[in-house]
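Novice: Got a structure here, written out as structure tokens. Questions coming.
The values are calculated or read from the model by the stated rules, or taken from the named source; none is laboratory data. Since we're looking at a predicted model, the values are computed, not measured. No Cβ is skipped: glycine too gets one built from the backbone with ideal geometry, and neighbour counts run over all protein chains shown. For accessibility, only protein heavy atoms count, side chains too; no ligands or nucleic acids. Shrake-Rupley method; radii C 1.70, N 1.55, O 1.52, S 1.80 Å.
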Amino acid sequence: MMLSDSDSTLREKPVRDLNSRVVILTGASRGLGRHIARALAAKGAQLAIAARNAEMLEEVAVELRAGGTQVEVIPTDVTDKAQLDHLFSETER
């Protein structure tokens, strides 16, 4: 989806403070997901990060925790319903 000039309010809208909010983020082990995790952490979010690669998730978690972010690592294959159920139940605790 492309944004036109008439959609400029979407780009200018500031992200609200996420202090103490819990965010579940899938695909957080690398690339765009990792960058989004950093941005959410900078806004004060508590994160439950998920992806298939547990080692890479731990690397992201170490980086974010060093900045004071509360991070829960939950290795998850989002194509597996049982793993998604586990992700949500772990996040609710």
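Novice: Of all the residues that make up the stretch 45-75, how many are β-branched (Val, Ile, Thr) and under 12 Å from Gly33 (Cβ atoms)?
Specialist: Number of matching residues: 2.
Novice: Answer yes or no as to whether Ala61 is under 9 Å from the mean Cα position of the chain (by Cα) and either open to solvent by less than 60 Å² (accessible area, probe 1.4 Å) or small (Gly, Ala, Ser) (or both).
Specialist: Details: under 9 Å from the mean Cα position of the chain (by Cα): no; either open to solvent by less than 60 Å² (accessible area, probe 1.4 Å) or small (Gly, Ala, Ser) (or both): yes.
No, not satisfied.
Novice: Same structure again: From (1) in a strand (DSSP E or B); (2) without any contact (Cβ under 8 Å) to a residue 24 or more places away in the chain, pick out the condition that doesn't hold for His35.
Specialist: (1)
Novice: If you take the residues of the stretch 83-93 that are open to solvent by less than 70 Å² (accessible area, probe 1.4 Å) and more than 13 Å from the chain's Cα centre (by Cα), which of them is nearest to Asn19 (Cα to Cα)?
Specialist: Across the stretch 83-93, the extreme among qualifying residues is Glu90.
Novice: Going by what's in this entry, would Ile74 be described as touching an Asp or Glu at 6+ places or on another chain (Cβ under 6 Å) and either free of Cβ contacts under 8 Å to residues at least 40 places away in the same chain or among the hydrophobic types (A, V, I, L, M, F, W, C) (or both)?
Specialist: Details: touching an Asp or Glu at 6+ places or on another chain (Cβ under 6 Å): yes; either free of Cβ contacts under 8 Å to residues at least 40 places away in the same chain or among the hydrophobic types (A, V, I, L, M, F, W, C) (or both): yes.
Spelling it out, Ile74 is indeed touching an Asp or Glu at 6+ places or on another chain (Cβ under 6 Å) and either free of Cβ contacts under 8 Å to residues at least 40 places away in the same chain or among the hydrophobic types (A, V, I, L, M, F, W, C) (or both).
Novice: Here are Thr69, Thr79: which of them is assigned to a loop (DSSP other than H, G, I, E, B) and in contact with a strand residue (DSSP E or B) (Cβ under 7 Å, 6 or more places away or on another chain)?
Specialist: Going through Thr69, Thr79 in turn, just one is assigned to a loop (DSSP other than H, G, I, E, B) and in contact with a strand residue (DSSP E or B) (Cβ under 7 Å, 6 or more places away or on another chain): Thr69.
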